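The values are calculated or read from the model by the stated rules, or taken from the named source; none is laboratory data. These numbers were taken from a predicted model, which means no experiment stands behind them. Cβ sites come from the backbone with ideal geometry, for glycine too, and all protein chains shown count toward neighbours. Accessible surface areas use protein heavy atoms only, side chains included; no ligands, DNA or RNA. Shrake-Rupley method; radii C 1.70, N 1.55, O 1.52, S 1.80 Å.
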Amino acid sequence: YNLETEKDPVVIVISTTGTGDPPDTARKFVKKIQDTTLPPHHFAHLQYGLLGLGDSEYTFFCNGGKTVDRRLQELGAQHFYDTGLADDCVGLELVVDPWIDGLWLALKEAFLLQKEKEGMSSDAVSSSLSAAPRVGYELNLSSEVQNLKLEDGRVRSSDVLTQKLIDIHLVASAGDTEPSLVHSVPPVSQSALNIPALPPEYIEVQFQDTHGENPHLSSLISEGQAFEVPVTKAVQLTREDAIKTTLLLELDIADTVFDYQPGDAFCVLCPNNVNEVEELLHILGLSEKGEYFVCVKVKQGTKKKGAAHPQHIPERSTLKFILTWCLEIRAIPKKAFLRALVECTSDAVEKRRLQELCSRQGASDYTCFIRDSNVCLLDLLHAFPSCKPSLNLLIEHLPKLQARSYSASSSNLYQPGKLWFVFNIVEFPACPARPVSRKGVCTGWLAELVAPLLHPNKNTLDTKGGCSSTEKISIFARPNNTFHLPADPSVPFMMVGPGTGISPFIGFLQHRQKLREEHTDWEFGETWLFFGCRHQDRDYLFKQVHYLTFILDELKCFLENGTLTYLKVCFSRDSSTAEVAPPKYVQDVIRLYAKEVARVLLKERGYFYVCGDKKHMADGVSDAIVDILSMEMEVDKLEAMKILAMLREAKRYLQDVWS
């Protein structure tokens with residue numbers, strides 16, 4: 001199709017990434033429509049409906065969708081259906097399901113109107129529509145996407161009909177009055193269920209021999225170049241009794257062309273946990289086939305429209321390679337996957353429960369026991385032992401194993417050929433729906449990888465230990481276009497980075513220190529750092545960490561040599577005997593320096609950077625800035641919010657946050 005000439009209704013589904021950017025696959029399109037030379041009637045012929053996917057935890061909620069929607073309107077396009085904005089913070093399906101339900105009627109009306117304009121009568125159109133494979137508007141379906149794709153009129157009714165009235169009523173025993181992952185209670189357990197259509201299978205897997213080599217990891221990334229680099233240092237920045245364990249890793253990039261600026265992020269290619277891969281192979285009955293090469297092809301005669309070989313699956317590799325490097329086996333299963341698993345389950349009780357979890361009636365159970373509990377495929381296979389999915393089903397439904405993104409915590413100018421990054425080892429404690437605790441896919445793997453470099457008890461390295469370790473990891477660049485130091489070094493800036501949010505600011509300060517050394521005649525603006533953690537003596541990152549004879553006392557050095565003008569810290573869990581309790585959080589500290597914040601931002605046109613947790617910190621900092629602007633400028637809160645929005649727009653209030 002060509003949007004420049006397209007007369008039929010167009011449906012656009014678009015997510016949001018980064019700081020309100022369109023996804024990588026939409027960037028060219030968005031750039032094209034943002035051409036300012038396009039006339040206001042450029043898309044006057046176009047009628048469209050748009051569904052935006054986003055997360056309200058982030059400032060620029062659904063901005064990818066909003067940007068496209070707004071620009072198409074400016075260029076004369078018309079809505080045939082209202083825009084939907086779905087929020088992953090509360091569950092995408094709350095908007096997606098009803099939006100899809102309403103889409104078919106809107107499309108029908110759009111086609112009727114279109115045919116009328118072309119001279120066909122409504123009756124002729126209605127009869128031509130009714131002659132098509134029945135979509136089934138009269139059914140109250142939770143999702144009719146698959147029905148639209150069924151073009152073969154001879155398809156069995158069991159494939160088309162998605163509303164299943166199931167007469168099995170599971171009676172809760174006296175002891176089981178609370179629902180769980182494997183158990184339901186009324187009304188769900190006694191309801192007729194609206195379940196999604198069964199997604200058609202479209203992949204077939206052929207086992208070959210055990211001869212050959214797996215693809216290089218660099219072939220797994222779609223753009224850019226991957227570099228295999230050694231991990232040369234590892235430091236634990238927190239004490240053993242800290243709530244979170246924070247590590248700093250140093251990579252040697254001297255023999256590569258990898259380049260970065262302070263504030264940039266980069267991605268680490270990580271594997272799934274080896275024990276979880278073995279466990280999955282065992283449950284699938286494929287333990288003996290792990291080292292066999294497999295050929296993945298599109299199934300001939302599949303009813304899936306546009307079926308294609310998944311781009312993240314190599315043409316030829318071993319089964320173990322696919323499960324280790326290509327598929328996100330920890331992914332939270334989507335409802336379509338649960339629906340497919342129903343057909344692989346032999347036990348009637350287990351089958352019914354899986355149907356409930358993917359049904360409209362079981363939406364709250366899905367949210368509670370799967371989504372919020374971080375349940376993955378392995379957990380489901382343990383909970384529902386009669387479920388025996390095929391390998392092709394996993395390849396069809398498990399998403400691509402994504403590389404993990406980290407902020408650079410160093411400056412290439414300050415220490416050429418070295419790249420630092422800092423991370424917490426993510427912990428998922430056991431819960432009723434998931435009886436085993438786990439570490440994060442990437443952070444758990446990295447921690448295990450660098451264990452020989454770490455002393456087991458103290459923040460020092462055992463000199464007899466693995467200092468000569470040559471463990472390597474694969475990385476590729478993910479440049480950040482905005483979260484950088486001001487181009488003018490005389491401009492002041494403030495940094496807010498509690499916990500590991502301090503990471504990019506160490507790189508900022510290293511870079512600034514080197515510039516000060518090299519350009520003694522330059523004028524440099526003042527710098528502020530607001531840092532916070534739980535305990536001063538347990539997780540005060542970069543305060544003083546011994547690394548052999550090298551003292552990593554970065555912050556103290558920056559203060560003493562004038563690179564950092566002001567350092568303001570707080571400790572949320574430390575008790576105090578002072579008459580006036582010290583501030584607990586960075587947003588509280590910021591409020592104490594209201595006049596200085598207003599001066600830097602407004603009078604001196606400085607920059608304000610925030611890095612770290614979105615929900616519990618960045619929003620609080622944003623609220624504090626609004627209050628400061630309101631108070632110092634003597635304007636109401638709404639006006640202060642507009643000023644902050646202008647600072648964001650001017651790229652002088654910048655965030656690098658995560659939820």
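Within 12 Å, Cβ to Cβ, of residue 394, how many net charges do the neighbouring residues add up to if Lys/Arg are +1 and Asp/Glu are -1?
-2
With a 1.4 Å probe and every protein chain kept in, tell me what percent of the accessible surface of the stretch 3-113 is carbon plus sulfur.
57 percent
Compactness ratio of the stretch 224-349: Cα Rg over 2.2 N^0.38 Å, N = residue count?
Compactness ratio reported: 1.47.
Any number yet on Rg/Rh for the stretch 583-633, C-alpha, Kirkwood?
0.96
Pairs of alpha-carbon atoms within less than 8 angstrom and 6+ residues apart define the contacts here; what relative contact order does the stretch 226-370 have, in percent?
15 percent
In what order, largest first, do 289, 31, 642 sit by accessible area if the probe radius is 1.4 Å?
Output order, biggest surface exposure first: 31, 642, 289.
Can you send over the carbon and sulfur percentage of the accessible area for the stretch 186-262, probe radius 1.4 Å, protein chains only?
Of all accessible area on the stretch 186-262, carbon and sulfur atoms account for 45 percent.
In what sequence, largest accessible area first, do 245, 345 appear using a 1.4 Å probe?
Descending order: 245, 345.
I need the fraction of alpha carbon pairs in the stretch 3-113 separated by more than 21 Å, rounded to a whole percent.
38 percent
Based on the Cα atoms of the stretch 179-238, what semi-axes does the equivalent ellipsoid have, where each is the square root of 5 times one gyration tensor eigenvalue, given in whole Å with the largest first?
45, 28, 14
How far is the Cα center of the stretch 34-82 from the Cα center of the stretch 374-405, in Å?
With the stretch 34-82 and the stretch 374-405 each reduced to a Cα centre, they are spaced 35 Å.
Report the net charge of residues surrounding residue 477, where surrounding means a beta-carbon distance below 9 angstrom and charges are Lys +1, Arg +1, Asp -1, Glu -1.
So the environment of residue 477 carries a net charge of -1.
Kindly report, to the nearest 10 Å², the accessible surface of residue 522 as traced by a 1.4 Å probe over protein heavy atoms only.
Ignoring ligands and nucleic acids, residue 522 comes out at about 110 Å².
Could you tell me the center-to-center distance, by alpha carbons, between the stretch 494-522 and the stretch 616-635 in angstrom?
Measuring centre to centre over Cα atoms gives 25 Å.
Quick check on the stretch 3-113: of the DSSP beta bridges with both residues there, what percent are antiparallel, nearest 5%?
10 percent
With a sphere of radius 12 Å drawn around the Cβ of residue 383, what net charge do the other residues whose Cβ falls strictly inside it have (Lys, Arg +1; Asp, Glu -1)?
Cβ neighbours under 12 Å give a net charge of -1.
Pop a pseudo-label 7 angstrom from the Cα along the beta-carbon direction at both residue 79 and residue 25 and give the gap in nm to one decimal.
2.5 nm
By how many nm would the segment from residue 519 to residue 214 lengthen if fully extended, with 0.36 nm per residue of separation less the alpha-carbon distance?
Here the segment from residue 519 to residue 214 would lengthen by 104.8 nm.
Separation of the stretch 248-287 and the stretch 420-441 by C-alpha centroid, Å?
16 Å
Using 0.36 nm per residue, how much length does the chain from residue 431 to residue 278 gain when fully extended, once their Cα-Cα distance is taken away?
Residue separation times 0.36 nm, minus the Cα-Cα distance, leaves 52.8 nm.
Hey, got a sec? Which chymotrypsin sites (Phe, Trp or Tyr not before Pro) in the stretch 1-104 land in a DSSP loop and have at most 10 other Cβ atoms within 10 Å?
Those satisfying the criteria are 1.
I'd like the accessible area for residue 295, computed on protein heavy atoms only with a 1.4 Å probe and all protein chains in place. Round to 10 Å², please.
20 Å²
Straight-line reach from residue 584: which lysines have a Cα under 21 Å away, not including same-chain ones fewer than 8 places off?
In chain and number order, the partners are 244, 543, 568, 595, 614, 615.
Mind checking the full-extension length gain between residue 225 and residue 315? Use 0.36 nm per residue of separation minus the Cα-Cα distance, one decimal, nm.
This chain segment gains 30.4 nm when fully extended.
Keeping every protein chain in place, order 652, 239 by accessible area at 1.4 Å, biggest value first, i.e. largest first.
239, 652
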